[in-house]
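K.L.:
I have a structure I would like to understand better, so I am pasting it below and will then ask my questions one at a time.
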Amino acid sequence: MKNIFCKALLFLVVLPSVYAQQVVTLMPKNGDCNHPILVTDTMVVSKYSPEGYGNLLEISGNVANDVHFFEQEHNTVWYCFRSPCHASLSFEIIPDSINDDYDFALYRCEGDNFCENVRTKKILPVRTCISRNDKKGKSVTGLSVNAKQDLIHSGVGNSFARVIEVNKNDLYFLLVDNAYNAGGGHILRLHWKYIPPAPHKYLPGEIFEFENIIFEEGTAKFDRNSFGWLDSLRRIMVNNPNLKIEIRGHVDGYSSKNTDVYMRVSLERAKAVYEYLCQNRIDSARMVYKGFGNTRMKYVYPDFQPFLHKKNRTVEMVVLSNN
C-alpha cells in the first residue's frame, strides 16, 4: 500500500507563506509522527514546551550513545515541511529558557508506510543532535554551515549538525524533543539557501517558471517573498548574456465579465518583472512582456486548496533565442 499520508502532505505543505511567522499551539497528538504540525512559514513560534510523547511511544529502548535515536522520547513534537526549491537547508531551535535541553532528529519522508517505518527503525534520520544543551550558546541547536557532523550522540558534544542539501518538493519530518518536563517554549527558524540549477542552453521555446514570483491579489505588487526569486531570474540573465525572453503574466480569475481587467492586470505583472530586470541592469532589448489574463491559468480548479489561487497570480518566462 502506498504511503497516502506522506503523499498528501507533499501536496499540502507549501513554503513560504504570506505571514511573518507561524504561531502554533501544541496538542498531545502532535507528539506522534502521523499528526505533525505543518510548517507554513520560515519561523514557527511555540509558546509552550511539548508535554509527553503523544499517544504512541515511537522512540524508545536505545543506548545512550546511539547517534540516530534518543534513549526514548520525553516531551516531543513533530513538524513537517516541504522544501520550496533546490537549496541548502539550515535551521535553529531556540528555547525560551537556556535550562531546556531540546534535541532533534530530521527525517526525509520517502517510501511506503513512513511513520510505521520510523517506529520500527526501518527509516533512519538524516540529521540528529542529541547532545547536552550548551548554556554558553543559550542552548540553541540545529543545522549549521559551520558544523562537520551529520549525527551527534547524547552527552557533551556539538550543538549543531551539518546543513543538508535538499531538492525542490522534498518532504521532511522534524522530531523535536525537550528532555525536561514543565519546560519553556521554543522557536523553529528555517533557512533556505537557494542553489541555482546547473547551467544549460535555454533552448528557444523552453518555458522556465518561477512559481514563487507572485503578486498580491488584483495588483501588480510583488508578494514580499518574491524578491529572492526575482534575483534568481536576474542571475540567469546575467549568466546567459545572449538569452532573450518573453515574460508572460497571468491572473487568478473566473468571471467572464472581467476579461479586460484580467488582461490589464496580467500585462502589468509581466511589465513589473520587466521593469525590475531593467532596473537591475538587464538590457531591455533582451526582453518583451505580454499579458494573458485568465486564459492560461495553471490551476483551473484551485478552490479545494486555497493556496493554489496564489500560484495562479504569477509569471513565466519563454526563451526567444540564446545565440
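The values are calculated or read from the model by the stated rules, or taken from the named source; none is laboratory data. No experiment lies behind these values; they were computed from the predicted model shown. Quick reminder, even Gly has a Cβ in these numbers, built from the backbone with ideal geometry, and neighbours come from all protein chains shown. Keep in mind that these areas ignore ligands, DNA and RNA; they rest on the heavy atoms of the full protein, side chains included. Shrake-Rupley method; radii C 1.70, N 1.55, O 1.52, S 1.80 Å.
K.L.:
I need the full set of residues from segment 220-261 which are exposed (fewer than 13 other Cβ atoms within 10 Å of the Cβ) and closer than 17 Å to K290 by Cα, in order please.
P.N.:
D260, the sole residue that qualifies.
K.L.:
Can you name the residue in segment 5-59 that is at pLDDT 90 or above and assigned to a helix (DSSP H, G or I) and, of all such residues, is surrounded by the most Cβ atoms within 10 Å (Cβ to Cβ)?
P.N.:
Checked segment 5-59; the qualifying residue surrounded by the most Cβ atoms within 10 Å (Cβ to Cβ) is G31.
K.L.:
Any chance segment 252-261 includes a residue that's in a strand (DSSP E or B) and out of contact with any Pro (no Cβ under 9 Å at 6 or more places or on another chain)?
P.N.:
Residues of segment 252-261 that are in a strand (DSSP E or B), as a first pass: none.
Scanning segment 252-261, I find no residue that is in a strand (DSSP E or B) and out of contact with any Pro (no Cβ under 9 Å at 6 or more places or on another chain), so the answer is no.
K.L.:
Quick check on segment 296-312. Is at least one of its residues open to solvent by 30 Å² or more (accessible area, probe 1.4 Å), touching a Phe, Trp or Tyr at 6+ places or on another chain (Cβ under 6 Å) and at pLDDT 70 or above?
P.N.:
no
K.L.:
What number of residues within segment 60-93 satisfy the criterion of being small (G, A, S), open to solvent by 50 Å² or more (accessible area, probe 1.4 Å) and touching a strand residue (DSSP E or B) at 6+ places or on another chain (Cβ under 7 Å)?
P.N.:
1
To keep it simple, each residue is scored yes or no on (1) under 30 Å from S226 (Cβ atoms); (2) in contact with a Lys or Arg (Cβ under 8 Å, 6 or more places away or on another chain); (3) in a loop (DSSP other than H, G, I, E, B).
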| site | (1), (2), (3) |
| --- | --- |
| E71 | no, no, yes |
| C85 | yes, yes, yes |
| E92 | yes, yes, no |
| D100 | no, no, yes |
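K.L.:
Given V156, V163, V176, which one is within 24 Å of D66 (Cα to Cα) and surrounded by fewer than 13 Cβ atoms within 10 Å (Cβ to Cβ)?
P.N.:
Working: V163 fails: surrounded by fewer than 13 Cβ atoms within 10 Å (Cβ to Cβ); V176 fails: surrounded by fewer than 13 Cβ atoms within 10 Å (Cβ to Cβ).
None of the others qualify; the one that does is V156.
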